[in-house]
Amino acid sequence: MHRWKKGFSLIELLVVIAIIGILSGIISVNLSSARQGARDAERIADIKNIQLSLALYYNDNLRYPCDIYTNPGGAGCPNFLDVYMSGVPRDPSTNALYKYAAINPSGVSCTGATQYHIGALLEVAGHTVHTSPTNFHGNSPTCSAGSGSPDQCYDLTNFSSN
């Protein structure tokens, strides 16, 4: 009498589990880099939206705001927040503020600023968009990834400063 076994042997199950584990490891590595690229794309889109709002602000006030994250108020500083942007976006992974500096070429004060510099630190090195090999220019802290590593700062200005 033949005795037919139903099911899989332990070795067959272990081989299938190992193959599934290898494939899921490969996929998760690829998804991680895709997530980083997506967050970088969101940062770039945020910076470009801020840039458009800054252009509208300049058109109305003939200068750039001293700060884009707070409303200092007063006749000399028309509000940027809630007038030109309902809320200024923040970094998608750290919720940190993007680097912004209003620059008055004739002085240190941002009053009457006719130039600005705005930047975001990207996660992917060698991104296809403009990445600056130097620190963030302007009156803000640097957009540096840390000591010993090159900047991966996506930065926009309305002037040439490199």
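The values are calculated or read from the model by the stated rules, or taken from the named source; none is laboratory data. These numbers were taken from a predicted model, which means no experiment stands behind them. Cβ placement follows ideal geometry from the backbone for every residue including glycine, while neighbour counts extend to all protein chains displayed. Surface areas here come from the heavy atoms of the whole protein model, side chains and all, with no ligands, DNA or RNA. Shrake-Rupley method; radii C 1.70, N 1.55, O 1.52, S 1.80 Å.
Miscellaneous remarks
- Hits in segment 27-54 - residues which are within 16 Å of the chain's Cα centre (by Cα), surrounded by 13 or more Cβ atoms within 10 Å (Cβ to Cβ) and polar (S, T, N, Q): Gln36, Asn49, Gln51
- Just one residue in the set Ser53, Ser33 is hydroxyl-bearing (Ser, Thr, Tyr) and out of contact with any strand residue (DSSP E or B) (no Cβ under 8 Å at 6 or more places or on another chain); that residue is Ser33.
- Residue selected from segment 96-126 under the condition open to solvent by less than 40 Å² (accessible area, probe 1.4 Å) and assigned to a loop (DSSP other than H, G, I, E, B), by the criterion modelled with the highest pLDDT: Tyr98
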